Structure formats: structure tokens, C-alpha cells
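The values are calculated or read from the model by the stated rules, or taken from the named source; none is laboratory data. Source: prediction; values computed, not measured. Cβ coordinates were reconstructed from backbone atoms using ideal geometry, including for glycine residues, and neighbour counts include every protein chain displayed.
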Amino acid sequence: MSSPTTDGEISIFPSHEPLVTIARDDVITMRRHKEDSDNQLKYFSAISGGVVKIDHSSVQILVDEADHDDDIIEAGNSRRHCGARHQSP
């Protein structure tokens, strides 16, 4: 799992050292296996601010706002579609 923080993006693996940090607006990505490539990302959510808390057995991300990957893709497609309709010939 990778999480955006005010100190930079952090990668979180099993048995990660305990940590509490501030999340920044960006995208959270998760992989099933740490050796998976970027093309094999399984889930992602856009977040808006919050806190990341990590201990040896769990990760908690408390955010002000989050959009699931399906919502992000739909919003991007909608913006591209609207832009295409409003372009001059």
C-alpha cells in the first residue's frame, strides 16, 4: 500500500513500524503483492486530507473525503466528454 503524506509518499508493508502522520490530497494505491508492478494495482481512492495511523497489524486512514476508483474514472470520462462538446470546430 502507498499513502500520500505531507512528508512524501510512504509504502506500507506487513509489520511496518508504528507511525502516525498527516495525509495529503492525492491517491492511495494498493497491491496484492509487493512485487506487483504499477500495472497490477488493485485498488485506489482519491483522498482529501486526514491522518494515517500504522501499527504492526493494521493501517487506519481517516480522511476528510474519499472517492473510490470507479468514481474517479467516471469523473475523468465526464470531464473529457464535456470538453469535447465545447471545443470549437
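A compact table of results
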| read-out | value |
| --- | --- |
| Residue match in the range 17-31 (condition: surrounded by fewer than 10 Cβ atoms within 10 Å (Cβ to Cβ) and at pLDDT 90 or above) | yes |
| Counted residues, the range 15-50 - those being part of a strand (DSSP E or B), in contact with a Gly (Cβ under 7 Å, 6 or more places away or on another chain) and free of Cβ contacts under 8 Å to residues at least 40 places away in the same chain | 0 |
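Listed here are the residues, each with its yes/no results for (1) assigned to a loop (DSSP other than H, G, I, E, B); (2) at pLDDT below 85.
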{"residue": "PRO4", "(1), (2)": "no, no"}
{"residue": "VAL52", "(1), (2)": "no, no"}
{"residue": "SER57", "(1), (2)": "yes, no"}
{"residue": "ASP71", "(1), (2)": "no, yes"}
{"residue": "SER78", "(1), (2)": "no, yes"}
{"residue": "GLY83", "(1), (2)": "no, yes"}
{"residue": "SER88", "(1), (2)": "yes, yes"}
